[in-house]
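See below for the structure under consideration.
Please treat every number below as a calculation from the coordinates, not as lab data. Predicted, not measured: the structure shown is a model, and the values here were computed from it. In this analysis, Cβ positions are derived from the backbone assuming ideal geometry, glycine residues included, and neighbour counts consider all displayed protein chains.
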Amino acid sequence: MQVVSAVGEAFNNIVLHGYANRRVQAREQIGSVDLRIQTRRGHIRIELRDWGSGFDPTTVPPPAFDTLPESGLGLFIMQSFMEMAYRPGRPNLLTLSKRYVERSSAVRKSEGAT
Amino acid sequence: MRFEIKAATGVTHLAIEGELDAVSVSELRPDLEKLVKGRPTVVEVDLSSLRMVDSSGIGALVSLYKRVRAQGGSVVIKGLRDQPLAIFRLLRLDRVMLGADTRSPPPAHKQSKSRH
């Protein structure tokens, strides 16, 4: 659930902000996103590459929750649910990663404890 | 995403099902606009069949909440669970916008033991 939420926000950010200024003349010119998913035991790493406008995540202020913000929440959701790294460039590279406890090993540990 | 708005005496019911995200929210916004312009007294939002919400969907719900309240009305959000509830809690919206049934649980207290 957290991974799906974080990746969804990352993808939306690219489409809504990274490619916001693209002229939509033909479908091919809207912009592309390269998505790579790597998994190994207890770890998932997702890379999103795009060729739109980049940004500096360190300059984005955290949401002011007291004011019930209606925007600027996507980056906070991403960073709350996964480790995030960002490298602007051609392409921009957004990396989301997360460690998790595999169900089978958790069950084994639980069974071993009893 | 599917939604339904029903205006009854004193209460306007809004039910949203499925996934409310950056794409589907554009279908909902015009109707939310009409809803707010009707200056409702109470808006009851049923999210029990909402499976997923993203920051854009949250933005639309927060906007509805703030605008109805600014007109002197109230918004009651009910039925949140799973991913949408986790997002509400993460963004600390549960403290302000949710009914008592879905707020974050209070700090743990000693449970009274029942004796039989």
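Summarising the amide proton neighbourhood of residue B:75: residues at separation of 5 or more, or on other chains, whose placed amide H is nearer than 5 Å comprise B:43. Taking the centroid of alpha carbons for each part, the range B:1-61 and the range A:32-83 are 26 Å apart. Most tightly packed first, judged by the mean number of other beta-carbon atoms within 10 Å of their residues, the peptides B:5-14, A:6-15 read A:6-15, B:5-14.
For the residues of A:5-14, the average number of beta carbons from a partner chain within 10 Å of their own beta carbon is 3.
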